[in-house]
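J.: Pasting a structure below so you can have a look.
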Amino acid sequence: MSAIGQSTPHESASEHVRGSAAYLDDLPPIRGELCVDFVGSSVAHGVIQSIDVDAARKAPGIVAVFTASDVPENMFGPSVHDEEVLAQQVVPFLGYPVLLIAGESKAAVQQAKKLVRVEVDAQPAILTIDDAVAAGQFIGPERVIRSGDVDAALAQAPHRLNGEFSIGGQEHFYLEAQAALAVPHEAGQMVVHSSTQNPTEIQILVARVLKRSMAQISCMCRRMGGGFGGKETQAAWPAVFAALVAARTGRPARCVFGHEQDFQTTGKRHEYRVHYEFGFDDVGRLSAYRARFYSNGGFSADLSLAVMERTLLHAENAYHIPNVEFRGRVCRTNLPSNTAFRGFGGPQAVAAMENVIEEVAAHLGIDSALVRRRNLYGNEQTTPYGQPVQNNTLPELFDRLVTTSSYQVRREEIQAFNEQSETHLRGIALTPVKFGISFTRKTMNQANALVHVQTDGTIQVSTGGTEMGQGLNTKLRQIVADEFAVAQDQVVILPTSTERNHNTSPTAASASTDLNGTAALNACRQIKAGMAALLADRKLRIAEWPGDASYSPISFVDAVRLAHEERVDLGARGFYATPGIEFDRETGRGTPFLYFTNGAAVTEVEIDRWLGDVTVRRVDLLMDLGRMINPAIDRGQVVGGFVQGMGWVTTEALVYGSGGQLLSDSATTYKIPNVTDVPADFRVNFLERHDNPVNLCGSKAMGEPPLLLAVSVWAAVKQALGSLSPGRIPQLSLPATNEEVLLRLSELAGEAAGDRHSTNGVAATMPQTARK
Amino acid sequence: MRDHVRFFLNGRQEIVRGPAAFLTVAEYLRDVRGMPGTKVVCAEGDCGACTVLVGRPAEHGLRYAAIDCCIQFVHQIDATHVVTVEGLQRGEMLHPVQQAMVDCHGSQCGYCTPGFVMALADWAENGCKREHSRIALTGNLCRCTGYLPILDAADQLAKSPPAGIAAIVEPPGLMQAVVELSKDALRIVGDGRSLFAPTTLAEAVAYKAAHPGAVIVAGATELGVLRNKRGIEPVELLSLARVKELDGIEIAADVISIGANATFGQIEETVLDRLPQFRRIVERFGSPQIRHVATLAGNIANGSPIADSLPLLMVLDAELEIAGPGGIRRRKINGFYTGYKKKDLAKDEIITRINLPLSAGDEMLRLYKSSRRTDLDIATFGAAIRMKLDGDTIQSAAIAYSGVAATVVRLPETERFLAGQVFERGTFTEAGRQARREVQPITDVRGSADFRLQLCENVLTKFWFDERAIRREAAV
């Protein structure tokens, strides 16, 4: 039986449940190991006046204190080197690391931190998108994608609307905080164990900061306790902190962020503000859509420009709109640098588009699913950036889901319910997704893999891909086992190490199985070719392999032993570079994606009219994931991604104080979905018998796309609010917290009654949506 | 009197002396014992990654309950049997809970998994009731799976419930040893800190009089957080856990009397049928892990303005029994709080008992809580509304709100307004406006002042709708 298509449990499942799967802070202490922590700025923006570390240096158990002048190369950063390891003069956000303390124990370091005095002359801080736009504080150039003539189409459109939409950020909330352990070796060499999605970048940055060669530095990662994009670039700080201490003291050093520290100093999903206008006809067909996206990038570039690029590439979501213009700018603010987060700018784009759809439907008083269906991409239509939409399953997904979710019947029931209920409102929304698979930066679409067949017939595999729970290693095992026709437990996936796989891309963009799996397959085939030639020569064949039936069958392990005896190479390094992709970001045109992953969701919500609480009553998901390599793992990604997205659009509010301090900085104040938030009726299905001819095993990537389906939750809330005053378009920011919903309800009720006593404006801490 | 901590860890006795007794259990496991299977994420009882089972003497052997061991001190687990994720398997054989998690793809990144395994083991210990699986897991956060596969694991277990923890992991003689240990008073000193756990109230009162600075430790769900998050650690601790006279809950015809040692978990089991509304609030009060250790007396003594239990106690006009050098005094909870976490409790006094007068059967009593997330969240706003009708006329009303002032407050003007009014929607709309004028909430991380004001207003209308629905049902 082929290993492909099996629902094999996660390769670490039995270690997970025993508590024996080791994460970075679980690695046993190494003799002489130091504990490293940092002291951060107390203001959001300012100039350092003085740093007094004398008392801390003399504190018991303290081995070293380092400031910016102790760092060989203080400027670093993932894309451009616009960040300082430790602030030299200017602190660009509250909590920015100013100095490092290394000690014999956590307790000693915590005590010493209290003895440090850092004086900072506070400067005015820019915290919001509005303030940054007003001050002209941007990172990088404006990017534009356009097609057709928006102005002309708007002028001719029977209906046109415009507005502004606020979309909140999201904390990754990986359960394992950022962490690293640096172990110095001879001749300037160092091994850095890091909880990172990007070992090669850790290698590059550590080499840079220490002014050592890349050849002297290795990075290893066995697994992460969650990543979600948050460890694509931002695992760097603890890694360079530990490496710096290890280099300067000659002792192993471990740096594990506290969770509040992690919340306060690492980036999140970007907060967005969207200004939009659109034109449509009487049946809801969109002829023009213009959107200007502003993202809150934080203090440095990080990946913000690439995130914005993906926003522009997903701004039309699944709809063919003949005339569009999408502009994006990244705002520079005095906040931690916002970064990759599952969806990478796509979710914000899709939320903005689906907001437009809901407004079209509310304005015309028609079913929003009808509006969506009328605008959905057909086959061979072309995206605004010029890529044809091929092998398109959107219409099939859409129509099937309408049927299987009993959408029409339920919509009518909801309308009836809303007419009679004085205590609750319900809403239902069907939103599709079309997510482009490939890194938009061409270089990153490459991978290498090492496969070693041992003489006992077992196989070691390593790639540059990292395991953060998504099941990459499990699938790699299936792919290799299938190719050699051996049992899956014969295959061992080694911890990710730059010593085995170099120049690797981050485990990101949903594409890691595609890239690393194809590279591994390539390596397997090289080994097989060598073995097959030898076997044919001896008139032998491996029973499970295709071949000449007249040859004598032997077992895989006997064949391996024979190959070794006869000096046939049983190891290979495979390589893969995604073919046929090209994108010119200056012109905003090209074919950036190998293919699209499609899906659709129907979500029904209920709002408590008096408390504003939102309950998700039922969710139906349908996705096209081609031929799934591991259906259970794919289902896990779909359900997990959706629930994570549900948190983003409902309860996960980032609340900042006026001084730029993150107030929602812990599990107590930042609320990710709990088990009771998961809808009691949650149905997940996949299109069957579909194939993806351009990708590994006919499969499709699914790490990010399901998160975007959670926009259906938000859209259903907006629609439910609309039922309160037909014909009027309700305003609703994202996330739709109970506070946001209740204040919008009071707005609607107050306006309806001509009584405004209860609408004293929305909360100072919450983003406002204002209609132009 | 014992001067050290003794407990059992996965079947083997541990002896802890001196400063280590003041570590959290999670620190002890990870850093002292080198057992990193138990994870620490939030370090404040809000994620359950550090869940372990603690077995304590009960009527029939040890009773195991899940706790968050990151906010539990080593001295608190004296005379218990602690079972961690490392202690569940038998040789290479996974415990059925572990096997179900593997079979149902319940782990992805795996970091929360040990906590879920232990929470599921706790749920299994309580009978594997499928309908309770969600409530049993409210104390555990997972960021990867979306929970469905974990609920699948629960369903698989419900089909063939495993044997109890005791049968699987308790070596012979352990239970008797724990029972013997639990009779000892404790006096533990280490690194300038001390803990005293006497066996009689008289000793406790005398100690508190002699050491007015001593802080009483009960469930430590507040003290543990203060230590982990703000580095605040009292140097002198007084534990009442061994004072038997403060255990237990007594139910009479018109009053429930709750001892200071009674946990929310015990209250939940005992008072369910008498105060059904209380159940949902207790469930939302905190996770099973918290309810297994947190006490009502602790909630009262802490006196947070957003304490979940206080609105109810205020509308019921609960009575506190307070022991001091002069004996026991009784006072009503209304008026007990004088400012933010300030109360009418002298430094030499100890809350020993809470007496809850039960409302008459024909009274209306409802509790409300608004929080950003339904479960395992601190209230933005809470309310208790109690009302007695005479026909269609409101005879009397008692309203208490949390989250709108420095203390939980009653709303005397709104109550006065309601008395004598007709039980109809308009009355409650007007009462809501009145309530809005009576409080001045602040904006904080949990919600804006405007949001809270709107809740103050709306909750009265919501109460009317909820009661009307009941009355209509009754009429049918």
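The values are calculated or read from the model by the stated rules, or taken from the named source; none is laboratory data. Just so you know, these numbers come straight off a predicted model, no measurement behind them. When we count neighbours, we look across all protein chains shown, and the Cβ atoms used for this are built from the backbone with ideal geometry, even at glycine. The protein model used for the area step is the full one, side chains on, heavy atoms only, and it has no ligands, DNA or RNA in it. Shrake-Rupley method; radii C 1.70, N 1.55, O 1.52, S 1.80 Å.
J.: Need the C-alpha centroid separation for region B:157-226 versus region A:135-179, integer Å.
T.: 56
J.: Another one. Karplus couplings for region B:142-156 from phi (6.51 cos²θ - 1.76 cosθ + 1.60, θ = phi - 60°), rounded to Hz, Gly and Pro as x?
T.: Rounded to whole hertz, the list is 10, 9, 9, 7, x, 6, 4, x, 6, 5, 4, 4, 4, 4, 4.
J.: Ignoring everything but the protein chains, give the 1.4 Å probe accessible area of residue B:211 in square angstrom, nearest 10.
T.: 60
J.: Would you mind giving the mean number of other chain beta-carbons within 10 Å of the Cβ of each residue in A:460-471, as a whole number?
T.: 2
J.: A follow-up question, please. May I ask for the Kirkwood hydrodynamic radius of region A:319-389, worked out over all distinct Cα pairs and given in angstroms to one decimal?
T.: Working: mean 1/r = 0.0681 Å⁻¹.
It is 14.7 Å.
J.: For the protein assembly as shown, what class follows from the C-alpha gyration tensor (a ≥ b ≥ c being the square roots of its eigenvalues): rounded when a/c is under 1.5, otherwise prolate if a/b is larger than b/c, else oblate?
T.: Values: a/c = 1.56, a/b = 1.19, b/c = 1.32.
Verdict is oblate for the protein assembly as shown.
J.: Here's something else I'd like to know. Per DSSP H run of n ≥ 4, the term is -39500 (n - 2.57); total these for the protein assembly as shown, divide by its residue number, and report the mean residue ellipticity at 222 nm rounded to 500 deg cm²/dmol.
T.: Working: 36 runs with 374 residues, N = 1248.
Result for the protein assembly as shown, helices only: -9000 deg cm²/dmol.
J.: So what's region A:345-428 giving for Cα Rg divided by 2.2 N^0.38 Å, two decimals?
T.: On the way: Rg = 15.6 Å, N = 84, 2.2 N^0.38 = 11.8 Å.
Its radius of gyration relative to the 2.2 N^0.38 Å reference: 1.31.
J.: Okay, moving on. Indicate the gyration tensor shape class of region A:1-48 (rounded, prolate or oblate), computed on the Cα atoms with a ≥ b ≥ c the square roots of the eigenvalues: a/c under 1.5 is rounded; otherwise a/b larger than b/c is prolate and the rest oblate. Don't skip to the answer; put the middle values down first.
T.: Numbers: a/c = 4.72, a/b = 2.07, b/c = 2.28.
Because a/c hits 1.5 or more and a/b fails to exceed b/c, region A:1-48 counts as oblate.
J.: Step by step: find N for region A:461-513, compute 2.2 N^0.38 Å, then divide the Cα radius of gyration by it. What's the final number?
T.: Details: Rg = 11.2 Å, N = 53, 2.2 N^0.38 = 9.9 Å.
Expressed relative to 2.2 N^0.38 Å, the Cα Rg reads 1.13.
J.: How much of residue A:359 can a 1.4 Å solvent probe reach, expressed as accessible area in Å² and rounded to 10?
T.: The accessible area comes out at roughly 0 Å².
J.: How much accessible area per residue does region B:317-410 have, counting only protein heavy atoms and a probe of 1.4 Å, in square angstrom? Could the numbers behind the result be given before it?
T.: On the way: 3410 Å² over 94 residues.
About 36 Å² of surface per residue is accessible.
J.: Listed highest first by mean packing, meaning other Cβ atoms within 10 Å per residue, what order do A:27-37, A:48-58 come in?
T.: On the way: A:27-37: 16.8, A:48-58: 14.5.
Answer by packing, highest mean first, reads A:27-37, A:48-58.
J.: OK, next. Figure the gain on full extension for residue A:419 and residue A:159 (residue separation times 0.36 nm, minus the Cα-Cα span) and round it to one decimal in nm.
T.: Values: separation 260, 0.36 × 260 = 93.60 nm, distance 2.77 nm.
So the chain would gain 90.8 nm between residue A:419 and residue A:159.
J.: Of all DSSP beta bridges located in the protein assembly as shown, what percent are antiparallel, nearest 5?
T.: On the way: 166 of 204 bridges.
Taking every DSSP beta bridge with both residues in the protein assembly as shown, the antiparallel ones total about 80 percent.
J.: For the pair residue B:244 and residue B:177, what calculated FRET efficiency results from E = 1/(1 + (r/R0)^6), where r is the Cβ-Cβ distance and R0 = 25 Å, to the nearest 0.05? Walk me through the numbers before you get to the answer.
T.: Values: r = 20 Å, r/R0 = 0.78.
The formula returns an efficiency of 0.80 here.
J.: Quick query: amide H of residue A:40 versus all other amide H atoms, modeled in the peptide plane; which residues come in under 5 Å with a sequence gap of 5 or more or a different chain?
T.: A:98
J.: Based on the mean of other beta carbon atoms within 10 Å per residue, what is the order of B:191-200, A:581-590, B:458-467, most packed first?
T.: Ranked from most to least packed, the peptides come out as B:458-467, B:191-200, A:581-590.
J.: May I pose another question? How crowded by other chains is B:135-144, given as the mean number of beta carbons from other chains within 10 Å of each beta carbon? Present the calculation step by step, with values, prior to reporting the outcome.
T.: Values: counts 2, 1, 3, 4, 2, 2, 8, 9, 14, 16.
Average neighbour count from other chains, rounded to a whole number: 6.
J.: If you find the alpha carbon centre of region A:405-484 and of region A:332-363, how far apart are they in angstrom?
T.: Answer, in whole Å: 20.
J.: Another question, then. If you place +1 on the Cβ of every Lys and Arg and -1 on the Cβ of every Asp and Glu, how big does the dipole about the Cα centre of region A:148-242 come out, in debye to the nearest 20?
T.: 460
J.: Then there's this: Could you give each residue of region A:255-262 its phi-based ³J(HN,Hα) in whole Hz, using Karplus coefficients 6.51, -1.76, 1.60 with θ = phi - 60°, and x for Gly or Pro?
T.: Working through the residues one at a time gives 10, 10, 5, x, 5, 5, 4, 5 Hz.
J.: Shielding by partners for B:117-123, please: the mean number of other protein chain Cβ atoms within 10 Å of each residue's Cβ.
T.: The per-residue average across the peptide is 1.
J.: Can you put B:132, A:185 in order of accessible area, largest first, using a 1.4 Å probe? Please list the in-between numbers first.
T.: Working: B:132 75, A:185 95 Å².
Solvent-accessible surface, decreasing: A:185, B:132.
J.: Sticking with this structure for a sec: Can you compute the equivalent ellipsoid semi-axes for region A:55-194, i.e. the square root of 5 times each eigenvalue of the Cα gyration tensor, sorted largest first and rounded to whole Å? List each step's numbers first, then the result.
T.: Numbers: eigenvalues 422, 79, 53 Å².
Calculated on Cα positions only, the semi-axes equal 46, 20, 16 Å.
J.: Here's another thing I want to ask about it. In what sequence, highest mean first, do A:99-109, A:333-343, B:309-319 appear when ranked by Cβ atoms within 10 angstrom? Don't jump to the answer; show the numbers that get you there.
T.: Details: A:99-109: 21.1, A:333-343: 27.6, B:309-319: 24.0.
Output ranking for A:99-109, A:333-343, B:309-319: A:333-343, B:309-319, A:99-109.
J.: Can you list the lysines whose alpha carbon is less than 16 Å from that of residue A:434, not counting same-chain residues fewer than 8 positions off?
T.: Partners found: A:700.
J.: Answer with one residue from B:19, B:442, B:224: the one whose Cα lies farthest towards the positive end of the charge dipole of chain B, charges on Cβ with Lys, Arg +1 and Asp, Glu -1.
T.: Among B:19, B:442, B:224, the one farthest towards the positive end of the dipole of chain B is B:442.
J.: For chain B, take N as its residue count and report Rg(C-alpha) divided by 2.2 N^0.38 Å.
T.: It is 1.01.
J.: Based on the Cα gyration tensor of region B:322-419, what are the three equivalent ellipsoid semi-axes, each the root of five times an eigenvalue, rounded to whole Å and given largest first?
T.: Working: eigenvalues 151, 81, 37 Å².
Result for region B:322-419: semi-axes of 27, 20, 14 Å.
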